[in-house]
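First comes the structure, then the notes that go with it.
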Amino acid sequence: MTSTIIAVAAASILSSLATVLLLWLVARKVVDRRLARAGEEIAGRVRTAVEEGAEAVVPKLRNAVREGLDDSVRSVLPTVRNEVAAGVRDGAGMVVPKVREEVRSGVEEAIASAVTGGAVGKAGEELVRRGSSVLQRILRGTDDG
């Protein structure tokens, strides 16, 4: 009889352990599923919040960058203007004497042509041709003199 009671008790204990183990496995599966769903829901909400926040921040960033660039341009613009003006003055200082010389030479040749029997029309054509030649050389940047 004692062995029967022990066998029944052992069977009861094993049955209880099996039940607890089975319930623990089922509960773990259910909790894992719920945690996965909750994680997906939280991730979706976070993603939406980030997208909405980005949409709100992008115009502000764009304006801040634009204002920064405008400020930089405003601070550098006087220096750039001065540098360009100095470059133009320097360039003009080099080009104007060449233009004067070429024009003088062209006028002298035109006068000489007119005086040596060439018609006044021929002299005008020569003057126009020389002036055009001078301008082409200046624009190309060549120095034939």
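Values quoted throughout were computed directly from the atomic coordinates according to the rules given, and no laboratory measurement underlies them. Given the structure is predicted, the values throughout are model-derived calculations rather than measurements. When we count neighbours, we look across all protein chains shown, and the Cβ atoms used for this are built from the backbone with ideal geometry, even at glycine.
A few remarks follow.
- Counting Cα-Cα pairs of the chain in 10 Å increments starting at 0 gives whole-percent bin shares of 9, 13, 10, 9, 8, 8, 8, 7, 6, 6, 5, 4, 4, 2, 1, 0.
- Potential extension, E52-V73 segment - 0.36 nm per residue separation minus Cα distance: 4.3 nm
- Dipole of segment 2-140, positive direction: furthest Cα of L61, M94, V76, with charges on the beta-carbon: L61
- Charge dipole of the chain about the Cα centre (unit charges at C-beta), most positive-ward option of V30, S105, L135: V30
- If R0 equals 41 Å, the separation of the Cβ atoms of V65 and I42 corresponds to a calculated FRET efficiency of about 0.80.
- Between 0 and 90°, nearest 10: helix 120-140 axis offset from the chain longest Cα axis: 30
- The mean sequence distance of close C-alpha pairs (under 8 Å, at least 6 residues apart), as a share of the length of the chain, puts its relative contact order at 13 percent.
- In nm, spacing of pseudo-spin labels at R104 and L22 (7 Å Cα→C-beta vector): 11.9
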